[in-house]
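**Student:** This is the structure I have questions about; it appears just below.
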Amino acid sequence: MKIAFFDAKPYDLPAFEKYGKKAGVDFKYFETKLNRDTAKLANNFDGVCAFVNDEIDSYVIDSLYEMDVRILALRCSGFNNVDTEHAKGKLRILRVPAYSPYAVAEHAMALLLTSVRRIHKAYIRSKDFNFSLNGLTGFDLYGKTVGVIGTGRIGRVFIDICLGFGMRVLAYDKYPQKDIDNGDTVRNAELVELLECSDIISLHCPLTDETYHIMDEANLSKCKDGVIIINTSRGALVDAEALLLAIKSRKVGAACLDVYEEESELFFKDNSGHIMEDDILARLISMPNVIVTSHQAFLTEEALSNIAEATVNNIIDIRNTGMCKNEI
Ligand code: NAI
């Protein structure tokens, strides 16, 4: 089977080559993202393999269909970048529902610790032999309340990590999960209680119409003064402009962002030689209390290997049986 692999990066290749070769799946790697301009590259392929910032809208779906491409193998869990309604009857959409919730949850905690203990500042100082401690005062996570929005695979691991730090957890999910509520250190709560009572809020829900801008001006204004916002889920969960204003007004004490609403043209690329056109991102990055990583929470060896294995298995399930448990 021939699969056109879009938005390919050097770190993708070893695992996809290993699992692809074993299963007789032949990947052709394209550095470009999949979008309206590049869809034609998939001509003569059986399927395409896409990632989080590829744009699989109705136009791209129709183009792929006309070229007899029948499989869209997403090598990620989220599928907010695919017009799934339009794809019905045209493309079999496969995804990797879970590959390492630990990778993402651990990155969320890494960002939080970096922010709270000013590691990003201290690192730069000590590189310059500046061993002053002024301005590096942090606070203990122990005893603080963390609000976790979305208590699926990643949210649950993040909750466990937070419990290890002696934190208290308020959990909010569209479908509250009773088993995580121990009536003491972890409690299910309504969103408004979570917003009002949390010192730190971490987002682990998918991006849907309901969760779009879940952290908007109105909800940010309900938060405790100095709240820390962590987003390792999808950029558009947070209204970036509202976040910027809330940071400027000191409502938000710090932000840890692995994802950004307008990341698709910027993240995964070296833009260091270019003028940053996105004023909101530029301003956020300029803040001493904002840490931005470029959608790297998934990027561990374990996760890359699991992603490649599961993506290849999805494709060969369709090839061999016509069925796949990870079809959307
Ligand atoms: P999951 O499906 O296991 O859990 C998501 C949870 O969110 C579920 O419990 C669901 O009920 C809940 N939810 C759905 N709609 C909601 C709403 N309106 N309000 C509150 N909760 C709602 O997903 P998982 O594996 O935990 O992943 C979570 C998200 O993390 C993904 O959707 C993806 O966007 C993001 N992600 C980010 C990565 C990165 O590298 N930064 C890598 C992998 C995932």
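**Student:** Is it fair to say GLY147 is within 14 Å of the ligand (Cβ to nearest atom) and closer than 26 Å to LYS325 by Cβ?
**Tutor:** no
**Student:** Counting residues that are crowded, with 19+ Cβ neighbours inside 10 Å and more than 16 Å from the ligand (Cβ to nearest atom), which helices (runs of 4 or more DSSP H) fully inside segment 1-96 reach at least 2?
**Tutor:** Result: 13-23, 58-66.
**Student:** Taking the condition of being away from the ligand (no atom under 16 Å from the Cβ), free of Cβ contacts under 8 Å to residues at least 60 places away in the same chain and surrounded by 13 or more Cβ atoms within 10 Å (Cβ to Cβ), how many residues in segment 283-300 meet it?
**Tutor:** Residues that pass the stated criteria total 5.
**Student:** Do we have ILE280 as away from the ligand (no atom under 16 Å from the Cβ), open to solvent by 30 Å² or more (accessible area, probe 1.4 Å) and in contact (Cβ under 8 Å) with a residue 40 or more places away in the chain here? First the steps, then the outcome.
**Tutor:** Working: away from the ligand (no atom under 16 Å from the Cβ): yes; open to solvent by 30 Å² or more (accessible area, probe 1.4 Å): yes; in contact (Cβ under 8 Å) with a residue 40 or more places away in the chain: yes.
Yes, satisfied.
**Student:** Of all residues in segment 152-188, how many are over 23 Å from LEU111 (Cβ atoms) and surrounded by 15 or more Cβ atoms within 10 Å (Cβ to Cβ)?
**Tutor:** 3
**Student:** I'm told ALA303 meets every condition in (1) in contact (Cβ under 8 Å) with a residue 24 or more places away in the chain; (2) open to solvent by 10 Å² or more (accessible area, probe 1.4 Å) except one. Can you identify the failing condition by its number?
**Tutor:** With (1) in contact (Cβ under 8 Å) with a residue 24 or more places away in the chain; (2) open to solvent by 10 Å² or more (accessible area, probe 1.4 Å) applied to ALA303, the lone miss is (2).
**Student:** Now for a different question. Do the conditions hold for VAL104, that is, is it within 11 Å of the ligand (Cβ to nearest atom) and assigned to a loop (DSSP other than H, G, I, E, B)?
**Tutor:** No, not satisfied.
The values are calculated or read from the model by the stated rules, or taken from the named source; none is laboratory data. Every value quoted in this text rests on a predicted model; they were computed, and no experiment measured them. Cβ coordinates were reconstructed from backbone atoms using ideal geometry, including for glycine residues, and neighbour counts include every protein chain displayed. What goes into the accessible areas is simple: the full protein's heavy atoms, side chains included, and nothing from ligands, DNA or RNA. Shrake-Rupley method; radii C 1.70, N 1.55, O 1.52, S 1.80 Å.
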